[in-house]
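K.L.:
Could you have a look at this structure, given as structure tokens, before my questions?
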Amino acid sequence: MSEITVKSEVTGSVWRVMVQEGAEVAEDDVLILVESMKMEIPIPSPDAGKIIRVLVNEGDPISEGDPVVVIETA
């Protein structure tokens with residue numbers, strides 16, 4: 001098993017956290033929605049696995065490259 005740290009590709013604020021720790025996700029499932037310049041930008045899962053940690057909360061400001069979720073993959 002390995003861990004993947006998913007990072008934000010944009011600067012903005014966390015609009016909605018779509019997953020909880022312990023949840024199973026598939027590749028391309030939306031993990032976080034970021035509000036940036038009045039647009040909703042989804043952060044998808046790069047692989048299938050289990051959410052180990054959610055590192056942000058709704059309303060948090062984030063920058064490009066900030067870690068948002070850690071996923072354990074098979």
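K.L.:
Which value, in Å² and to the nearest 10, is the accessible area of ILE4 when all protein chains are kept and the probe is 1.4 Å?
P.N.:
40 Å²
K.L.:
Could you work out the relative contact order of the chain, using alpha carbon pairs under 8 angstrom and six or more residues apart, expressed as a whole percent? The partial results should precede the final answer.
P.N.:
Details: 193 pairs, mean separation 33.0, N = 74.
Here the relative contact order equals 45 percent.
K.L.:
Which distance in nm do the two modelled labels at GLU3 and ARG16 give, with both placed 7 Å along the Cα-to-Cβ direction?
P.N.:
In this crude spin-label approximation the distance works out to 2.8 nm.
K.L.:
If you filter the chain for trypsin sites (Lys or Arg not before Pro), then keep DSSP loop positions with at most 12 other Cβ within 10 Å, what is left?
P.N.:
In loop regions of the chain (DSSP not H, G, I, E or B), the sparsely surrounded trypsin sites (Lys or Arg not before Pro) are LYS38.
K.L.:
Then there's this: Within 10 Å, count the other beta carbons around each residue, average over each peptide in 57-64, 26-33, and list them highest first. Spell out each step's value before the answer.
P.N.:
Numbers: 57-64: 12.1, 26-33: 15.4.
Per-residue mean Cβ counts within 10 Å order the peptides as 26-33, 57-64.
K.L.:
What length, rounded to one decimal in nm, is gained on full extension from LYS50 through to ASP29, with 0.36 nm per residue of separation minus their alpha-carbon distance? Mind showing how you got there, number by number?
P.N.:
Numbers: separation 21, 0.36 × 21 = 7.56 nm, distance 1.17 nm.
Gain in length upon complete extension: 6.4 nm.
K.L.:
Count the net charge of all other residues whose Cβ sits under 9 Å from the Cβ of THR73, scoring Lys and Arg as +1 and Asp and Glu as -1.
P.N.:
-2
The values are calculated or read from the model by the stated rules, or taken from the named source; none is laboratory data. Nothing here was measured: the structure is a model prediction, and the numbers come from that model. Neighbour counts are summed over all protein chains in view; Cβ atoms, including those assigned to glycine, are modelled from backbone coordinates with ideal geometry. To get the accessible areas, we keep the full protein, side chains included, count just its heavy atoms, and leave off ligands, DNA and RNA. Shrake-Rupley method; radii C 1.70, N 1.55, O 1.52, S 1.80 Å.
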